[in-house]
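Take a look at the structure below.
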Amino acid sequence: MRIRTAALIGLLLVLHLGLLLAGFVAPYSPIAQNRQLSYAPPTKLHFRDYTGWHLRPFVYEWMIAPDGYVEDQSRAYPVSLFVKGHSYKMLGLFDASLHLFGTTEPGKILLFGTDGFGRDEFSRVVYGGQISVAAGIVATLIALILGSTLGMIAGYYGRWLDEAVMGATELFLSLPWLYFLLGVRAFLPLHLSPLRTFFLLTCVVGLIGWAKPARLIRGLVLSIRSRNYVLAATGFGASNLYVVRRHIAPEVMGNLLTQAALLIPQYIAAEVTLSFFGLGVSEPLPSWGNMLSNLQQYSVLTSYRWLMAPAGALLITSVTYYLLADALHSRLKSRST
Amino acid sequence: MKRITHLTLLVCLLAGVCISGSSTTKPSVAGEEVQRMAALSGRSGGHLVIGQRAEPKTLNPVTATDAISREVSGRLMADLIEINRVTQQTEPALAKSWKVSTDGRTFTLQLRKGIRFSDGHPFDADDVVFSFKVYMDEEVGSPQRDLLIIDGNPITVTKLDQYTVRFTLARPYAAAERLFDGLAMLPKHLLEKPYREGRLAQTWPLNIAPAEIAGLGPFRLKEYLPGQRIVLERNPYYWKIDRDNQRLPYLDELVFLFVGSEDAQVMRFEAGETQVISRLSSDNYKLLSRNQERTRSQLVDMGPSLEYNFLVFNQNDLTSKKLDAIAHKQAWFRDIRFRQAVSAAVDRESIVRLVYGTRGAALWGNVGPGNKLWVNQGIAHPKRSLDSARQLLKSAGFSWNRTGELTDAAGQVVEFSIITSSSNTQRMKMATLLQEDLSQLGMQVHVVPLEFRAMIGRVFQSLDYEAAIMGLGGGDADPNPEMNVWTANGTSRLWNLNPSHPANGWEREIDELMQKQMVTLDYTKRKQLYDRVQQLIAENLPFIFLATPNILAGADAKVGNFRPAVLEPSTLWNADELYVRTPNAESAGAR
């Protein structure tokens, strides 16, 4: 059990580190258009040519054919690790131009093919993940901090405070948030910078999402508060702060972690949904949602399957998080019994 | 709201059924002056199903503004004179002939004798006079009204005898007979009462009982199922016969299925549930042609349409609007060198390739290669040149800062947003390409997709936008419908809707030329005037023209006489001639 949790956490760490270092992992800029390579299929990695087998993989260039693309086998481009490419800001701080892998120009290595503008889909998935996953994590933090604080207050103090907070959670839970957001967007200025859009998105998702964790935490606090050892502590004159710190917070913590692992994929999906409907990050910046919105067109969906890559990335991330939540939950249960 | 109507009108001006081929009129069936289509043959019977993106809003041809309503109601109705969609020339319809006086102001139309509405009631000059009264009545609010008011004077319609009508215009009007296309003749016996009671605009909704609606078109209403379909059946009184004296239309029924979206239209067509599809995007055309063998369909690429897609900068007078941020940027937009630089930086070839999959044409003016009669071949087609764009910007006082951003003389970074309709994937793509093109000049361009109505509201009413990508045209090939866009009081003069200050040189010249061509009757002289207009537009770039899509349509292989056209409605204009081939005729493969 412990190994599984550690493996999952390790996998998530690798995933997030990859997204964090998007500039390094992605071979190309996510917004660079190659107008000669629109809807090019994924580049095939070759190990064998007419001279025999090679250890180092190589790729061929795509050549436009009457019905799509064919490989131009006249010249092979070897794939190498740690190559110099276009420059980017590493971690948004310092300039760098080193990439994890790449090939020599004019050869191109397009792992997931290209979109309608000839932009490298793999680079876009990596950069898009930055936005989508960060939105999920930040929104979760907002929701959990807000939710657990209010939930604890409501559960601990009870009475009218409890009623007020629980009334508010009901209000927020009943809100049709997608329509609510569509309405909110109509009042905002036409153009929002990507940073502001991102901020707005996460805030809105987090602010709407606090209600569920608040209810959970309140229920927990209510039950912990009436346990004998807590009652005993209060009887011996422990202050509220002491009780919360010593008895309630540790109990709640595990639940909060499980909640976080559950909420993050949900909120990533929320960002994807919003961007899908054009409410999130706008062109040319990628996010998994606005990339997937291309697939709304029947012709794209049926002709260019590789554009489903962001859905795959979303699936992998979500499943890993859910498995982690599951592992954490079982650990919590085994500890409490 | 009115302006929106005008725009829609311009885009979908033409609906109606036309005739084709050489035709002679002779009284045949019981004193009826039917029209004989000497070259036409087909097989009677069967039905065709057509997928529609949405339900029509009304069956009333007087108030129908959207393309879908006009496509359906046009099958029920007929006009006095019609434009043949293939030859783009006028041809007799309900009027078997017409005479124009030498001063070009009087039109005398001879109506067909003895023909009947789809309910069996006879049609004569009273119906014509009544119809024009309705179209010109301001209370009714028909979008066709503007076309019939020339210089503020409505056209006078006089009945000379039961089958002769005279139209008198306040002044000569070029190609005035083209106006009659799209003006469906209404049954006075059914509509006079609602008209007198002021209810005409509300009559003939979709759920009208079939007995209460009648027209002179090839079909009549059979049933309407809300949210599902509308079924039209053969009009037994239709006034056309074919080579073998068989009365048209060939089809027993025409079914319009409401499917919801373009994609759904394509899927239904692929599955064989519908037999005719029009307004195909190049992507879907490609998809269908890949499966052509399996779906057994005939697909037609008609070449460039008459629509023009363009980028427009907001040059409206905003002093009363409290839009200071935009007003400040208008100094750039009003500088012709700025607009020329933008135009020079646009990669039109990429737009045609990436947006239309090469099934389209690049544009440098408002008249594209699809309009062979009127296009000015002398307009230059300069290649994309970032160098000349930079030169132009430099000469206009722009410069580049250390990070490569373009700044104006006051040091403000050139940054603007382009709004476009989020439902139009093609214009969205154009916007993204433009964004990249212009970023190479150091301009920061943001693309803002808006819901169609919201975008129209900004462009026509609130004027709260900086630049927009839109499309116009696509109606008639004639220059007259373009009056709305280029004259000083035009309602679709998008770059500056209400010029309060006296228009500058070229704007005034365009205005004068457009007014002049409207009263010039000779084609060659008109063409000269309109050539000059096109040249002025291309030089001064009130719009930055981008590209036009090809007209793409398809039908099941067993649909006969399928002859799509560039003019709207591209596939159903000859619905009366369409027929379903028998299984053995199908293998012959004749189109």
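Every number here is computed from the coordinates shown, using simple stated rules; none is lab data. From a predicted model like this one, the values you see are computed outputs, not experimental measurements. Neighbour counts are summed over all protein chains in view; Cβ atoms, including those assigned to glycine, are modelled from backbone coordinates with ideal geometry.
Taking Cα atoms only, the orientation of helix B:386-395 departs from the longest principal axis of chain B by about 60 degrees.
Which value, in debye to the nearest 20, describes the size of the charge dipole of chain B about its Cα centre when Lys and Arg Cβ atoms bear +1, Asp and Glu Cβ atoms bear -1, and nothing else is charged?
620
Computed over the range B:238-301, the quotient of the alpha carbon radius of gyration and 2.2 N^0.38 Å is 1.41. Scalar couplings 3J(HN,Hα) for the range A:163-176, obtained by applying the Karplus form with A = 6.51, B = -1.76, C = 1.60 to θ = phi - 60°, are 5, 5, 5, 5, x, 5, 5, 4, 4, 5, 5, 8, 6, x Hz; x denotes Gly and Pro. Selection among B:Q461, B:I551, B:N504 by position relative to the dipole of the range B:439-591 gives B:I551 as farthest towards the positive end (Cβ unit charges, Cα centre).
For the pair A:R4 and B:K321, a Förster radius of 45 Å applied to the C-beta separation gives a FRET efficiency near 0.10, rounded to the nearest 0.05.
Distance between Cα centroids, the range B:128-152 to the range B:211-240: provide it in whole Å. Centre-to-centre (Cα) distance: 25 Å. Close amide H contacts of B:M443 (hydrogens built in the peptide plane, cut-off under 5 Å, sequence separation of 5 or more or a different chain): B:L406.
Which of B:Y523, B:A327, A:L332 sits farthest toward the positive end of the charge dipole of the protein assembly as shown, with +1 on the Cβ of Lys and Arg and -1 on the Cβ of Asp and Glu? It is A:L332, whose Cα lies furthest towards the positive end.
Computed on the range A:209-337, the Cα convex hull volume stands at 129 Å³ per residue. The calculated P(r) of the range A:218-260, using every Cα pair and 5 Å bins from 0, goes 6, 24, 32, 22, 11, 5, 2 in percent.
The phi-based Karplus calculation (6.51 cos²θ - 1.76 cosθ + 1.60; θ = phi - 60°) puts the 3J(HN,Hα) values of the range A:314-331 at 4, 4, 4, 4, 4, 4, 4, 4, 5, 4, 5, 4, 4, 4, 4, 4, 5, 4 Hz, whole numbers, x for Gly and Pro. Computed over chain A, the quotient of the alpha carbon radius of gyration and 2.2 N^0.38 Å is 1.23.
Amide hydrogen proximity for B:I241: with H placed 1.01 Å from N in the peptide plane, the residues at 5 or more positions away or on another chain lying under 5 Å are B:Q35, B:R36, B:M37, B:L248. Label sites at B:N489 and A:H86, each approximated as a point 7 angstrom past Cα along Cα to Cβ, lie 5.3 nm apart.
Between A:T234 and A:D326, the modelled label-to-label distance comes to 3.9 nm, taking each label 7 Å out from Cα in the direction of the beta carbon. A simple charge model with +1 on the Cβ of Lys and Arg, -1 on the Cβ of Asp and Glu and nothing else charged puts the dipole of the range A:93-158 at about 180 debye relative to its Cα centre. This model, with +1 at the C-beta of Lys and Arg and -1 at the C-beta of Asp and Glu, gives the range B:133-219 a dipole about its Cα centre of some 160 debye.
Legend: mean number of C-beta atoms from other chains within 10 angstrom of residue C-beta atoms, peptide A:297-309, equals 4.
Hey, could you get me the Stokes-Einstein D for the range A:21-157, Kirkwood radius over alpha-carbon pairs, 4 °C and 1.567 mPa s, rounded to whole µm² s⁻¹?
74
Alpha-carbon geometry of the range B:316-366: the Rg and the Dmax are 15.7, 44 Å, given in that order. Note that the range B:532-544 has calculated 3J(HN,Hα) couplings of 5, 4, 4, 5, 4, 5, 5, 7, 9, 6, x, 10, 9 Hz, one per residue in order, obtained from phi through the Karplus relation 6.51 cos²θ - 1.76 cosθ + 1.60 (θ = phi - 60°); glycine and proline are x. For the range B:364-423, the alpha carbon convex hull comes to 162 Å³ per residue, rounded to a whole number. Taking a straight line from the alpha carbon of B:K527, these lysines sit under 22 Å away, with near neighbours fewer than eight places off in the same chain left out: B:K372, B:K516.
Projected onto their three principal axes, the Cα atoms of chain B cover extents of 84, 58, 43 Å, largest first.
For the range B:449-521, rounded, prolate or oblate, judged on the Cα gyration tensor with a ≥ b ≥ c (square roots of eigenvalues), a/c < 1.5 rounded, else prolate if a/b > b/c?
Numbers: a/c = 3.04, a/b = 1.52, b/c = 2.00.
Oblate shape, in that a/c is at least 1.5 and b/c is the bigger or equal ratio.
For the range B:161-271, relative contact order (Cα pairs under 8 Å, six or more residues apart, normalised by length) works out to 16 percent. Our analysis of the protein assembly as shown gives Rg over Rh at 1.04, with the two radii drawn from alpha carbon positions and Rh computed by the Kirkwood formula.
So how far, in whole Å, is the C-alpha centre of the range A:99-116 from the one of the range B:45-106? Spelled out, the Cα-based centre of one part sits 53 Å from the other. With the convex hull constructed from alpha-carbon coordinates only, the range B:521-577 shows a mean projected area of 6.5 nm² over all directions.
Taking amide H as placed 1.01 Å from N in the peptide plane, the amide H of B:G141 sits under 5 Å from none that are at least 5 places away or on another chain.
Pick out, from A:W210, A:S275, A:Y242, the residue whose Cα sits farthest towards the positive end of the charge dipole of the range A:183-337, with +1 on the Cβ of Lys and Arg and -1 on the Cβ of Asp and Glu. Projecting each Cα onto the dipole axis, the largest value belongs to A:Y242.
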